[in-house]
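Worksheet for the structure shown next.
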Amino acid sequence: SSVCIHGLGYIGLPTAAMLANYGHDVYGYDADETVRGDLQNGDVHLDEPGLRAFVTQALESAQLEITDEIVQAKYHIICVPTPFDQTERTADLSYLRDAAHGLAPLLRAGDTVILESTVPPGTTVEQLQPILESTGLTAGTDFALVHCPETVLPGNIISELRENDRTLGGVNGVSTESAVRLYDSFVSGEIRTTDDPTTAEFVKLIQNTYRDVNIALANEIARLADDYGIDSREAIDLANAHPRVDILQPGPGVGGHCLPIDPWFLGTGSDQIELISTAREVNDGMTEFVIELLERELNSLDGTKIAILGVAYKGNVSDARNSPGLELARTLADRETAELATDGGPTGDIEVEIHDPHVTDPTLDLADLDSSTAGADALVVTTDHDEYADLDPEPIAERMHEALLIDTKAHLDAPRWREAGFAVRQI
Ligand code: SAJ
């Protein structure tokens, strides 16, 4: 079939390439001219394993064409960003509305429109449908309208796109079936359906919320275990041996563009998010817990140098959005300013250096490993990159002022670091 993809980001681009590589005639459109131009030149700038080759294959086969306009197609898939405004506590649906207004004039009877972007419950029916129906066509009778959320894990997008189960909700049975036919052509996982887009939107949100709340439990357990003087990870492992218990791992907080955001989407049309918002606070509060650990070990943070290893939001990715490592760096830096403001002298000065072998963001002041650890009083590992597990502690110990390692991911080989003279604390 012919498919037009609206939005060529982390979801739209792999989906476009996937459909193209499965023989569909795919037209990829992005509102950003630079994104289109780069792709037309064969440049894939998104950092995701295997994506470049996958997209190149689709472009070279000519099954995927990057177009400068939205084109008519049997299927339209909308994969645009839906950022969350933390202060207003609302989702910014302007990209979605723009996409819908662009598509409406081209919509024909018999077409299918699928929304994949993560949205607050009700968006497909309350926001998208009226714009598409302003054409005089009716959803469900003249054209199919469906929400089909994506569930792929960054770092593993291409195989998850093919293998993950999908939940798909159309405005009626005919709509749902039309979308099933398209996803069936490349999805090897199970396709579950509901004839209600709002349910499909809700399912996506509660999946990420479940994970966020579960991690909050793990983080609270870590703080409890600290009070009781026991190892939280050993306790969680033993607890998880029970067939009905499955607690996730504690850490420096929850990052990325999904888990810290999606739970709030549930609260845009309801106030019933007591546990959910508390879980968010527990996870965000891990920054303060790491600082507490630092203060306990160093007595005072005044005049210290802290090296933070890992500003990607999780291991082996380069994405630093909502990253716990960055949040820690910024909180420590803000503390420095606050102290300076109150006592006017340089005594409160905390020097913070950040390091990451994957992140290339030019707006971040990243240091190499040697200079970030030179003279440092503590090393805080906030991301479980493979590279960090292989670090040699000896030369790092020699460079540092105090040999203290706070391993928030329990990722490094603690006995080896202790042997090299480090005091090691894990979350
Ligand atoms: N984390 C922990 N402890 C854990 C697991 C994760 O602290 O035991 C932290 C990570 O370090 C990271 C954050 O949680 O900071 C999120 O990482 P993640 O790997 O759990 O999830 P994401 O954000 O990369 O992707 C999630 C996935 N959702 C679920 O597993 C339910 C993915 O399948 C979704 O497609 C994606 O959100 C999305 O786009 O919504």
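Please verify whether Thr199 is β-branched (Val, Ile, Thr) and more than 11 Å from the ligand (Cβ to nearest atom), treating the condition exactly as stated. Show your work before the answer.
Numbers: β-branched (Val, Ile, Thr): yes; more than 11 Å from the ligand (Cβ to nearest atom): yes.
Criteria met by Thr199.
Residues in segment 135-158 that are free of Cβ contacts under 8 Å to residues at least 60 places away in the same chain, more than 10 Å from the ligand (Cβ to nearest atom) and surrounded by fewer than 22 Cβ atoms within 10 Å (Cβ to Cβ): Thr135, Gly136, Leu137, Thr138, Gly140, Thr141, Asp142.
Residue pairs whose Cβ atoms lie under 9 Å apart, sitting 6 or more positions apart in sequence or on different chains, and linking a residue in segment 240-268 that is within 16 Å of Ser323 (Cα to Cα) and free of Cβ contacts under 8 Å to residues at least 60 places away in the same chain to a partner that is within 10 Å of the ligand (Cβ to nearest atom) and polar (S, T, N, Q), are Leu259/Asn208; Leu259/Thr209; Leu259/Asn283; Leu259/Asn322.
Of the strands (runs of 3 or more DSSP E) lying entirely inside segment 102-219, those containing at least 3 residues that are under 30 Å from Asp246 (Cβ atoms) and not basic (Lys, Arg) are 166-170, 191-194.
Determine whether segment 363-378 contains at least one residue that is buried (at least 17 other Cβ atoms within 10 Å of the Cβ) and within 16 Å of the ligand (Cβ to nearest atom). No. Figure legend. Inter-residue proximity from segment 183-203: first residues touching a residue at least 24 places away in the same chain (Cβ under 8 Å), second residues buried (at least 18 other Cβ atoms within 10 Å of the Cβ) and of a type in the set (Lys, Arg), beta-carbon distance below 6 Å, spacing 6+ or different chains. Indicated pairs: Tyr183/Arg166; Val187/Arg166; Ile191/Arg166. Scanning segment 1-55 for residues that are of a type outside the set (A, V, I, L, M, F, W, C), under 20 Å from Val180 (Cα atoms) and in a loop (DSSP other than H, G, I, E, B) turns up Ser1, Tyr22, Gly23, His24.
Here the strands (runs of 3 or more DSSP E) wholly within segment 350-427 that include at least 2 residues being closer than 24 Å to Ala333 by Cα, without any contact (Cβ under 8 Å) to a residue 60 or more places away in the chain and touching a helix residue (DSSP H, G or I) at 6+ places or on another chain (Cβ under 9 Å) are 351-355, 404-407. Find all pairs meeting these conditions: Cβ atoms under 9 angstrom apart; at least six residues apart or on different chains; first residue within segment 302-325 and in the same structural domain as Ala374 (by TED's automatic domain parsing) and modelled with pLDDT of 95 or more; second residue basic (Lys, Arg) and within 8 Å of the ligand (Cβ to nearest atom). Sorted first by the residue in segment 302-325, then by its partner, the pairs are Gly310/Lys409; Gly315/Lys409; Ser323/Lys314. Among the residues of segment 159-190, those that are of a type in the set (A, V, I, L, M, F, W, C) and either away from the ligand (no atom under 16 Å from the Cβ) or in the same structural domain as Ser318 (by TED's automatic domain parsing) (or both) comprise Val171, Val174, Ala179, Val180, Leu182, Phe186.
Please go through segment 65-77 and pick out each residue that is among the hydrophobic types (A, V, I, L, M, F, W, C) and either part of a loop (DSSP other than H, G, I, E, B) or under 29 Å from Val359 (Cβ atoms) (or both). Even if it seems obvious, please write down each step before you answer.
Here is the first cut: in segment 65-77, the ones among the hydrophobic types (A, V, I, L, M, F, W, C) are 66, 70-71, 73, 77.
Of everything in segment 65-77, those that are among the hydrophobic types (A, V, I, L, M, F, W, C) and either part of a loop (DSSP other than H, G, I, E, B) or under 29 Å from Val359 (Cβ atoms) (or both) turn out to be Ile66, Ile70, Val71, Ala73.
Kindly indicate whether any position in segment 284-292 is over 29 Å from Asp92 (Cα atoms), modelled with pLDDT of 95 or more and of a type in the set (Val, Ile, Thr). Yes; the residues of segment 284-292 include at least one that is over 29 Å from Asp92 (Cα atoms), modelled with pLDDT of 95 or more and of a type in the set (Val, Ile, Thr).
Return a yes/no flag: does segment 74-90 have any residue that is farther than 25 Å from Gly155 by Cα, modelled with pLDDT of 95 or more, surrounded by 15 or more Cβ atoms within 10 Å (Cβ to Cβ) and charged (D, E, K, R).
As a first pass, look at segment 74-90 and keep what is farther than 25 Å from Gly155 by Cα: 74-76, 85-90.
Now narrow it down to the ones that are modelled with pLDDT of 95 or more: 74-76.
With surrounded by 15 or more Cβ atoms within 10 Å (Cβ to Cβ) added as a condition, the list becomes 74-76.
Keeping just the survivors that are charged (D, E, K, R) gives 74.
Within segment 74-90, one or more residues are farther than 25 Å from Gly155 by Cα, modelled with pLDDT of 95 or more, surrounded by 15 or more Cβ atoms within 10 Å (Cβ to Cβ) and charged (D, E, K, R).
Scanning segment 239-260 for residues that are surrounded by fewer than 21 Cβ atoms within 10 Å (Cβ to Cβ) and at pLDDT below 95 turns up at least one hit.
The values are calculated or read from the model by the stated rules, or taken from the named source; none is laboratory data. Quick caveat, the model's predicted, so the values are computed rather than measured. Please note: Cβ atoms are built from the backbone with ideal geometry, for glycine as well, and neighbour counts cover all protein chains shown.
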